[in-house]
Amino acid sequence: MMISNIRCIVSDLDGTLLMPDHSLSNEVVTAIRRYTEEGGLFTIATGRPLFTAQSIIDQIGIELPVILCNGAVLATSGEVIERKSLDTAVLADMLVEAHERGLMVLLFREASIEVFARNEDIEAFEHKESVTCTLVSITDSDWRTGELEKVILLGELDRIEALWSHWASQLHNVVEKFQSEPHYVELISAEASKGKALERLSELLGIDRQSMMAIGNQMNDLPMLQAAGVGVAVANSPDELKSAAHYVCTASYGTGVIEAINQLAYGRSTNL
């Protein structure tokens, strides 16, 4: 029996639940299933869209709603149930400038990811996410239409910050910007975050946020660590996230998640 008051665990994927090669270990799956078999609830909050996260959802056997695209999307049973999108037309001129500044731009549609150019960074992204991006011409007006679940700007951070300083005053009420990996800056709707999505999840599940534990490894996870009753940072997190967490794991990646489950959800020592 669990002896803590944690009823639901929400974990980030890349850099947290997944190993450095982005695989899901059998030990992690076993720990999650043991936790849920004893009455706990488990789900994920990831920057990935549904179509690249679904295989992991299936591996774990998650039946709860999942948080996707850093809080812009909620989905369950393979279907999106809520979405806070970006209007592509509003961002289009900034995205053109990003491309002209030598940044890689990834446009996340509901079922595809579009890019204006390809390089080794795009190939590394495709390998990590097990996805093939669609190459579109920046001079073609078709990509400017419709809605986006999120945008990734990939490249040198100082170049991204220089771009953002030019557009921040125009877009700050529309776009939420944050760093999710060393050379990734993500843009989502200003109405979305992992923290806001966790609050919505607590409503859907009828569970008080104080009974929820959130686990992450990057600053895009900070809002959900703050929204949950217990916020956990795995050992491979930056110091800024660790300082905001209620508990900092001694172990990294999925091993850290197992540690958090054992230490906090069961209230016992780890057995790693």
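The values are calculated or read from the model by the stated rules, or taken from the named source; none is laboratory data. Because the structure is a prediction, the values reported are computed rather than measured. Glycine also receives a Cβ, built like all others from the backbone with ideal geometry; neighbour counts cover every protein chain displayed. When the accessible area is computed, the model is the full protein with side chains, heavy atoms only, and any ligands, DNA or RNA have been set aside. Shrake-Rupley method; radii C 1.70, N 1.55, O 1.52, S 1.80 Å.
Specify which residue in the list L204, P182, L171 is farthest towards the positive end of the charge dipole of the range 130-260, using unit charges on the beta carbon of Lys, Arg (+1) and Asp, Glu (-1), about the Cα centre.
So the residue we want is L204.
Helix 88-100 against the longest principal axis of the chain: what's the angle in degrees, Cα atoms only, rounded to the nearest 10?
80
What distance in nm lies between label points placed 7 Å from Cα along the C-beta direction at R101 and S25?
3.9
Can you sort E199, E97 by solvent-accessible area, 1.4 Å probe, largest first? Let's see the in-between values first.
Working: E199 75, E97 30 Å².
Ranked list, largest accessible area first: E199, E97.
What part of the accessible area of the range 61-149, given as a whole %, is carbon or sulfur when the probe is 1.4 angstrom? Intermediate values should be presented prior to the final figure.
On the way: 1790 of 4110 Å².
Within the range 61-149, the accessible surface is 44 percent carbon and sulfur.
Provide the descending list of Cα extents for the range 174-249 along its principal axes, expressed in whole angstroms.
Projected onto the principal axes, the Cα atoms of the range 174-249 cover 37, 34, 13 Å.
Looking at this model, which pairs from K84/K177; K128/K196; K128/K242; K84/K242; K84/K128 are more than 20 angstrom apart at the alpha-carbon?
Details: K84/K177 14 Å; K128/K196 26 Å; K128/K242 25 Å; K84/K242 29 Å; K84/K128 25 Å.
Exceeds cut-off: K128/K196; K128/K242; K84/K242; K84/K128.
Keeping all protein chains in the complex and leaving out DNA, RNA and ligands, what accessible area do you get for K150 with a 1.4 Å probe, in Å² to the nearest 10?
Solvent-accessible area, nearest 10 Å²: 10 Å².
Give me the dipole magnitude in Debye, nearest 20, for the range 120-272 about the Cα centre, with unit charges on the beta carbon: positive for Lys and Arg, negative for Asp and Glu.
Working: 11 positive and 23 negative charges, 140 e Å.
The calculated dipole for the range 120-272 is roughly 680 debye.
Counting Lys and Arg as +1 and Asp and Glu as -1, each charge on the Cβ, what is the dipole of the range 55-202 about the Cα centre in debye, to the nearest 20? Kindly include the intermediate steps, with their values, before the conclusion.
Values: 13 positive and 27 negative charges, 65 e Å.
Using only the charged Cβ atoms, the result is roughly 320 debye.
Let me check against my output: what whole-number percent is the relative contact order of the range 185-255, with C-alpha pairs under 8 Å and at least 6 apart? Provide the component values of the computation, followed by the final result.
Details: 118 pairs, mean separation 18.1, N = 71.
About 26 percent, as a whole number.
When the Cα atoms of the range 54-101 are enclosed in a convex hull and the volume is divided per residue, what value in Å³ results?
Numbers: hull volume 4.9 nm³, N = 48.
Convex hull of Cα atoms, per residue: 102 Å³.
Rounded to the nearest 5, what % of DSSP beta bridges with both residues in the chain are antiparallel?
On the way: 27 of 44 bridges.
Here the antiparallel bridges make up roughly 60 percent for the chain.
Among DSSP bridges having both ends in the range 81-170, what percentage is antiparallel? Round to the nearest 5. Don't skip to the answer; put the middle values down first.
On the way: 10 of 12 bridges.
Bridges in the range 81-170 that DSSP calls antiparallel: roughly 85 percent.
Send over the per residue convex hull volume for the range 61-199, Cα only, as a whole number of Å³.
Details: hull volume 16.0 nm³, N = 139.
Cα convex hull per residue, to the nearest whole number: 115 Å³.
At S77 and Q54, where each label point lies 7 Å from the Cα along Cα→Cβ, what is the point-to-point distance in nanometres?
1.5
To the nearest 20 Debye, how big is the dipole of the range 122-181 about its Cα centre, given +1 on the beta carbon of each Lys and Arg and -1 on that of each Asp and Glu?
Values: 5 positive and 12 negative charges, 35 e Å.
Dipole of the range 122-181, to the nearest 20 debye: 160 debye.
Between K128 and E203, what's the calculated FRET efficiency when r is the beta-carbon distance and R0 is 30 Å? Round to 0.05. List each step's numbers first, then the result.
On the way: r = 32 Å, r/R0 = 1.06.
The value I calculate is 0.40.
7 Å from Cα along Cα→Cβ at both A251 and Q210: what's the point-to-point distance in nm?
3.0
Need the C-alpha centroid separation for the range 152-207 versus the range 72-87, integer Å.
For the range 152-207 versus the range 72-87, the Cα centre distance is 16 Å.
When DSSP assigns beta bridges and you keep just the ones with both residues in the range 134-272, what percent turn out antiparallel, to the nearest 5? Please list the in-between numbers first.
Values: 10 of 16 bridges.
DSSP beta bridges in the range 134-272 are roughly 60 percent antiparallel.
Below 8 Å, C-alpha to C-alpha, sequence gap of six or more: please give me the relative contact order for the range 61-160 in percent. Working shown, then result.
On the way: 141 pairs, mean separation 31.9, N = 100.
Relative contact order here is 32 percent.
Taking only Cα atoms of the range 131-195, what ratio of Rg to Rh do you get with Rh as the Kirkwood inverse-distance radius?
Ratio of gyration radius to Kirkwood radius: 0.97.
Straight-line reach from K194: which aspartates and glutamates have Cα under 12 Å away, leaving out those fewer than 8 places along the same chain?
Once the sequence-local aspartates and glutamates are set aside, what remains near K194 is D12, E176, D221.
Compare the peptides 153-164, 98-109 by average per-residue count of other Cβ atoms within 10 angstrom and give them in order, highest first. Don't skip to the end; give the middle numbers.
On the way: 153-164: 16.2, 98-109: 19.8.
Averaged packing, sorted descending, gives the order 98-109, 153-164.
Can you work out the accessible area per residue across the chain, with the rest of the protein chains kept in place, probe 1.4 Å, in square angstrom? Please report the intermediate quantities before stating the final value.
Values: 11710 Å² over 272 residues.
Value for the chain: 43 Å² per residue.
Angle between the Cα long axis of helix 50-60 and the longest principal axis of the chain, 0 to 90 degrees, nearest 10?
20
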